[in-house]
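Working notes, structure below.
The values are calculated or read from the model by the stated rules, or taken from the named source; none is laboratory data. On a predicted model such as this, the values are computed, not experimentally measured, just so you know. Cβ atoms come from the backbone with ideal geometry, glycine included; neighbour counts cover every protein chain shown. Just so you know, the surface numbers come from the protein's heavy atoms only, side chains and all, with ligands and any DNA or RNA stripped out. Shrake-Rupley method; radii C 1.70, N 1.55, O 1.52, S 1.80 Å.
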Amino acid sequence: SHIGSSRLGSRGRRDSPGGPVWLPYAGRSCVTSPPGKMGCCGGKDIKEISIKSKHFPEFRKGLQPMPGKVVAITGCTSGTGRCCAQVCAELGAKVVLLNRDSDRAVDAFEQLKGVATASGAPAPVHVPCDLQSFSSVRQAAAKLNEELQDSGLDVLCNNAGIMGFGDIATKDGCDIQMQTNHTSHFLLTALCFPLLQKAAELRGGARIVNHSSAARKMDPPMDNKFDTKYVLKNGGQLGGDSHKMFKGANFQRYQQTKLANVIFTYALRDKLQAAGSPIIALVAHPGVAPTTLADTMFAAGGGNDVKTMPTGVRNMIFASMMQSVEDGSMGIIRCCCDPAAKSGNFFGPVGKRDGSARHDKKEYKGKADLLLEEKLADEESWTALWSASEEVTECKFAI
């Protein structure tokens, strides 16, 4: 389940033997697991989770064509990222997929080529990008600046993320979740900023899209206040490992990354507006949807208590919490595609919409509507996050 990114939904397909099997049920997110393999909620005997898309079909009808636009998306081998990439291609945009090299990346690229051809859109481009390595991000940014120097980049969608990992340091010395979910995206955005400026000069605007989560704020005893120690090179020294879902140090670190996504958006908005830039910054969250994010979480030991539950009970609980992947993807798609979106807008299921700093389970499902300004992402946190991110990436991001 996400509380982050999710899987491709009703426009499903069958993958190669041994991978997830997407069933082409119209209007549904539906996944089954091959025998003996882990499914979308973890465990070995998951047969099917099928969730009807409630809001996406009508939402999709209202999206405007995007001919001549260029959209780059991280983490689009599956889930909301893949759904967003497909929609942008259907709308006529040139889509750049930023994924680690893998069979899944090849599969997503080949499938999107077919979508682009059928839609009369430019052929997509794959640029290798491993967000757990600043060196890889720099190489990806260099490739983007080379490939897109004439057209510029209309949308940079910082979608990729991981959840519930242990207290692990990357080779750069950062927390693995923070580097993947925020700091590498900060670096990518800084290095691709000239491309966004180029698109804004050519076509009047550009946008940066970040992907947060309902887990940007959690219940006590977790501390929701942003702390730069999670951004700095303290990987492996941030509370140790925990094994209960949405509890303990693994999820405290995750919460900090998802709050950082909102803080980064608001800091960008402030700096861009102060500079008089036509570039805007937006953020979304997907609610909860079937996701490979849960697979990696269980594999990393972040939800062992849930893994031990009977499969049928676990699936029933998850299904009751979730909305379809398509419904979950509406937030980032709106950020990428809605011409009426304003800088700083936060789209997703709005939940109670009471401005509380507590976790809101009502945010798990719903349309991608406008949330209230996130109070935890205050001006003090904008400055702190920006400074820490520049220090860690060794990249001065001046706007």
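Across the range 173-221, the volume of the C-alpha convex hull divided among the residues equals 89 Å³ per residue. Taking the DSSP bridge list for the range 56-173 and keeping only pairs wholly inside it, about 0 percent are antiparallel.
Net charge in the neighbourhood of Gly173 (other residues with Cβ under 12 Å of its Cβ; Lys, Arg +1, Asp, Glu -1) is -2. Residue-normalised convex hull volume from the C-alpha trace of the range 59-130: 70 Å³ per residue.
Ranking of Ser387, Ser242 by solvent-accessible surface, largest first: Ser387, Ser242 (1.4 Å probe, protein heavy atoms only, all chains present).
Orientation-averaged projection of the range 54-204 equals 9.6 nm² [convex hull of Cα atoms, one quarter of hull surface area].
Full extension of the chain between Asp103 and Ser320 gives 75.0 nm of extra length, using 0.36 nm per residue less the Cα-Cα distance. Note on the range 123-239: with neighbouring protein chains present and a 1.4 Å probe, carbon and sulfur make up 47 percent of its accessible heavy-atom surface. Return one quarter of the surface area of the convex hull spanned by the alpha-carbon atoms of the range 155-302, equal to its mean projected area, in nm². Answer in nm², one decimal: 9.1.
The Kirkwood hydrodynamic radius of the range 131-228, based on inverse pair distances between different Cα atoms, is 15.0 Å. If you take all other residues with their beta carbon under 15 Å from the beta carbon of Glu391, and give Lys and Arg +1 and Asp and Glu -1, the sum is -2.
Accessible area per residue was computed with a 1.4 Å probe on protein heavy atoms; Leu370 scores about 70 Å². Heavy-atom accessible surface of the range 299-386, averaged per residue, reaches 45 Å², computed with a 1.4 Å probe.
Quick check on my link table: of Lys225/Lys365; Lys271/Lys342; Lys113/Lys365, which ones sit more than 21 Å apart, alpha carbon to alpha carbon? Beyond 21 Å between Cα atoms: Lys225/Lys365; Lys113/Lys365. Rolling a 1.4 Å probe across all protein chains gives Arg358 an accessible area of roughly 130 Å².
Anything over 32 Å Cα to Cα? Flag those among Lys198/Lys229; Lys52/Lys247; Lys171/Lys217, in the order listed. Too far apart for the 32 Å limit: Lys198/Lys229.
Cβ-Cβ distance of Arg60 and Lys396, R₀ of 41 Å, FRET efficiency by 1/(1 + (r/R0)^6): the value works out to about 0.50.
Note on Ala123 and Glu201: with the Förster distance fixed at 25 Å, the Cβ-Cβ geometry gives a FRET efficiency of about 0.55.
Which log10 I(q)/I(0) values, to two decimals, does the range 329-386 give at q = 0.25, 0.26, 0.28 Å⁻¹ under the Debye formula with one point per Cα? For the range 329-386, the Cα-only Debye profile gives -1.06, -1.09, -1.13.
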